[in-house]
Amino acid sequence: CLCQEVGEDKGVQFSKQTIAAISEITFRQCENFARDLEMFARHAKRSTVTTEDVKLLARRSNSLLRYITQKSEEIASSNMEQKEKKKKKSGAAKEKRTSGEHEAAVTENEDSNLP
């Protein structure tokens, strides 16, 4: 589909053999990327691949590195916003519980003061 889209855009056609070759090369390159990312994480004595590993992989392509950095920052910002929302919700729920527990304790104390 991508070859067809690019072909229409550029006014060229790709043969089935060319598309197959592009697909094979792309698949092999993705395998190499995966191995490199695994090695970067292992070298850092981690079992998880991080965005820093992906940036290191993309270091030779300035435009790709900029794109990955931008997306990484957007995701980090979004995650921070979600954490803040959770914290506010958690704080509000905790405040309600504390207020309800306080009212129950006051009622209980009033009951114990009865003759």
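The values are calculated or read from the model by the stated rules, or taken from the named source; none is laboratory data. Just so we're clear, the structure is a prediction, and the values are computed from it rather than from any experiment. In case anyone asks, the SASA skips ligands and DNA or RNA and just uses the protein heavy atoms, side chains included. Shrake-Rupley method; radii C 1.70, N 1.55, O 1.52, S 1.80 Å.
Annotations for the structure displayed:
- Proximal lysines to Lys89, defined as alpha-carbon separation beneath 30 angstrom and excluding residues fewer than eight positions away on the same chain: Lys71
- With all protein chains modelled, accessible area of Phe27 [1.4 Å, Å²]: 120 Å²
- Every Cα-Cα pair of segment 2-77 was included, and the share exceeding 19 Å stands at 56 percent.
- For segment 1-75, carbon and sulfur atoms together expose 56% of the accessible surface, with a 1.4 angstrom probe and every protein chain in place.
- Sorting Lys16, Lys87, Lys55 by solvent-accessible area of protein heavy atoms yields Lys16, Lys87, Lys55, largest first, with a 1.4 Å probe.
- The spacing between segment 1-38 and segment 72-86, judged by their C-alpha centroids, is 34 Å.
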